[in-house]
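One structure coming up, written as structure tokens, with questions to follow.
The values are calculated or read from the model by the stated rules, or taken from the named source; none is laboratory data. What you are looking at is a predicted structure, and each value in this text was computed from that prediction instead of being measured. Glycine also receives a Cβ, built like all others from the backbone with ideal geometry; neighbour counts cover every protein chain displayed. Areas reflect the complete protein model, heavy atoms only, side chains present, ligands, DNA and RNA absent. Shrake-Rupley method; radii C 1.70, N 1.55, O 1.52, S 1.80 Å.
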Amino acid sequence: MRIGFTTDAEVELLDWAKHHGFGSIEWMRFNQSFAAPGQERWREGAARFGAEAGARDMRISAIGAYYRNPLDPAQIESARAVLHRAIEVAELLGIKTVAGFPGAVIQTTLDSRGGNPVYQPMENFLPQVLAFWEPIAQYAADHGVRLAFEHCPQGAFHLPVMHYNLFGQPAMWERFFSATRCANIGLEWDAAHLICQFVDPVENLRKYGSKIFHVHAKDAFINHQLLATYGPCHPGVAGTSVARLRAGELVGNHSRAGSRRLRFRPEHRRLARPGFQGSPNGGKVPARWQAARTRRLAAGQAVAGAVCPEGTLTHLSPPRYIRHMKSLLCWLASTAIFLSAPPLRATIMVPLAVGELTERAELILHGTVTSKVCLKDPEGNIITRMDFNVSEVWKGNLSTNRFTLIHGGGTVGDLRTVVDGQAEYEVGEEVVVFVRLNPRGEGVTIGLAQGKFQVWKEDATGAKFAHNLFHGRPKIPESSPQTAMRRAAGKTDPARFAGTSATH
């Protein structure tokens, strides 16, 4: 797989992408490009751009041909010409997928009680939709090209669903795919659009995985506090984080405040099982960051080598979300897909054994959380800082009984960032933590939640034990891994602190 972004067909952007470690692009705004209908020498221009991309080992994963309403009577003929031309260019350059919106036939009536316009159901016009698209799909098949429909509903998520994309809601996918005879029409799939409609993307993927030809990837959020208070039709309840790339600069951040609920988690083989060979592609690209932040982002995104032929993920997001992209890279390497669920419970991890945690840790501390505060670091990322009163140092050296941990995520004002799988600490909580130090000398819990063990006391004996989601309560303390943990840390008195038990 390769990491890339959606962009115009400009050579300087290929240079920028190559410089920053990207491996692909999706050619967007084709209808406004040098190869669009009406442009002279379009074939030579397309071949030249394809050669420039090839010289930089930059894959063009798809052509984004037409993201308007091709079924609008005023656009039908021009849209058909653009789609035919995009198919011809795709064949010329060996690109397998042409993407865009399927559009919709829009007819309204007036509500007799309110006088307001009401859309006629889109399924009423399915014959007209097929009459437009099936000949184009046949033309694409004759040229060895597939059509991928993106399902963005094209509107503010808090407003009633009235838009010009037939595929905006999954219910129409089933009707369309059941009605069409064209096997080369599929989806340009984007989990974020499903999240914002409260649709489980994994269940959706199980049903429609065989029809996914291309994938977009961007962050999404559901603000559950607003949802519980006002319901789904309220500003700020749901939204996506996207941005745009212009001339190699990161400009125009469109993220909204809220708790992000779309996370790039591995859901292994979900995409591979139906035989996906398309190219995940996604987002656009973010705000004017300082050069250091741009370098940090590029370093976090770049991937050398890939395991899925023809697979490309195109996404670029603000630095605070690099952690999500790192998880996504793991997904790419295993041809997996997105999972949406409340934080932590659905996160898939390979548990670290206690011995491995001990080996990795620079410090192992037993103590109590005395304070907790959320703030922004110098780069604008939301972090949480916890102060500890340390009662024991199991590994490493500490010159004081005070220690500070930090981790990503938290709430500052009306902004909330959630890091899936992150450890959660509460003031007054007694814990054992496995810690590494970041370049600034701050403590960071190893393995997210895996490095934090909550301490509890057994009422009958008064003995203390530690456990977390990966290591539960011991049945036989003397023979359980907590003994090995303390011995590895140089502590041999399990009676004072019995430790953890094995689970997974």
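How large a share of the accessible area of the stretch 1-142, in percent, is made up of carbon and sulfur atoms when the probe is 1.4 Å and the other protein chains stay in place?
Values: 3080 of 6340 Å².
After summing per-atom areas, the C and S share lands at 49 percent.
On to the next question. I'd like the per residue volume of the convex hull spanned by the Cα atoms of the stretch 391-475, given in cubic angstrom.
Values: hull volume 12.0 nm³, N = 85.
Each residue corresponds to 141 Å³ of Cα convex hull volume.
May I pose another question? Among LEU14, LEU415, what's the order by accessible area (1.4 angstrom probe), most exposed first? It would help to have the intermediate numbers written out before the result.
On the way: LEU14 0, LEU415 45 Å².
Descending order: LEU415, LEU14.
I would also like to ask the following. From the phi angles alone, apply the Karplus equation (6.51, -1.76, 1.60; θ = phi - 60°) to the stretch 154-166 and give each ³J(HN,Hα) in whole Hz, x where the residue is Gly or Pro.
6, x, 5, 5, 8, 9, x, 6, 9, 8, 10, 10, 3
Could you work out how far apart the two model spin labels at ARG436 and VAL373 are, taking each label as a point 7 Å from the Cα in the direction of the beta carbon, and quote it in nm?
It is 2.7 nm.
Which one of ALA46, ILE106, TYR67 is farthest out on the positive end of the charge dipole of the stretch 19-156, using unit charges on Cβ (Lys, Arg +1; Asp, Glu -1) and the Cα centre as origin?
Final value for the positive-end residue is ALA46.
Sticking with this one: Out of the total accessible area of the stretch 351-396 (probe 1.4 Å, heavy atoms of protein only), what percent is carbon and sulfur?
Numbers: 970 of 1880 Å².
Ligands and nucleic acids excluded, carbon and sulfur give 51 percent.
Excluding ligands and nucleic acids, what accessible area in Å² is computed for MET122 using a 1.4 Å probe, to the nearest 10?
Accessible area, nearest 10 Å²: 30 Å².
Using a simple spin-label model with points 7 Å from Cα along the Cα→Cβ vector, what separation in nm is obtained for ALA228 and ALA171?
In this crude spin-label approximation the distance works out to 2.9 nm.
Which value, in debye to the nearest 20, describes the size of the charge dipole of the stretch 77-181 about its Cα centre when Lys and Arg Cβ atoms bear +1, Asp and Glu Cβ atoms bear -1, and nothing else is charged? Numbers along the way, then the final one.
Values: 7 positive and 9 negative charges, 17 e Å.
Its charge dipole is roughly 80 debye.
Follow-up question, since we're still on this one. With a probe of 1.4 Å, find how much accessible area the stretch 1-141 has per residue, and write the answer as a whole number in Å².
Details: 6230 Å² over 141 residues.
Accessible area per residue, the stretch 1-141: 44 Å².
Between GLN32 and GLU123, what length in nm is gained on full extension when 0.36 nm per residue of separation is reduced by their alpha carbon distance? Walk me through the intermediate numbers first.
Working: separation 91, 0.36 × 91 = 32.76 nm, distance 3.06 nm.
Going from the current span to full extension adds 29.7 nm.
Order TRP133, TRP42 by their accessible area, 1.4 angstrom probe, all chains in place, largest first. Walk me through the numbers before you get to the answer.
Working: TRP133 5, TRP42 40 Å².
Largest to smallest exposure gives the sequence TRP42, TRP133.
Which stretch or stretches of the stretch 90-128 have amide N atoms under 15 Å from the point lying 7 Å from ALA47's Cα along the Cα→Cβ direction?
Answer for the stretch 90-128: 90-94.
Check which residues have an amide H placed less than 5 Å from ILE3's amide H, if you skip close sequence neighbours.
It is GLY23, SER24, VAL303, LEU313, by chain and number.
Pulled fully out, how much extra length does the chain show between ARG181 and GLU40, if you take 0.36 nm times their separation in residues and subtract their Cα-Cα distance? It would help to have the intermediate numbers written out before the result.
Working: separation 141, 0.36 × 141 = 50.76 nm, distance 3.51 nm.
In short, 47.3 nm is gained.
Please work out how much length the chain gains when fully extended from ARG56 to SER391, using 0.36 nm per residue of separation minus the C-alpha to C-alpha distance, in nm with one decimal. Mind dumping the intermediate values first?
Working: separation 335, 0.36 × 335 = 120.60 nm, distance 5.67 nm.
Contour length minus Cα-Cα distance gives 114.9 nm.
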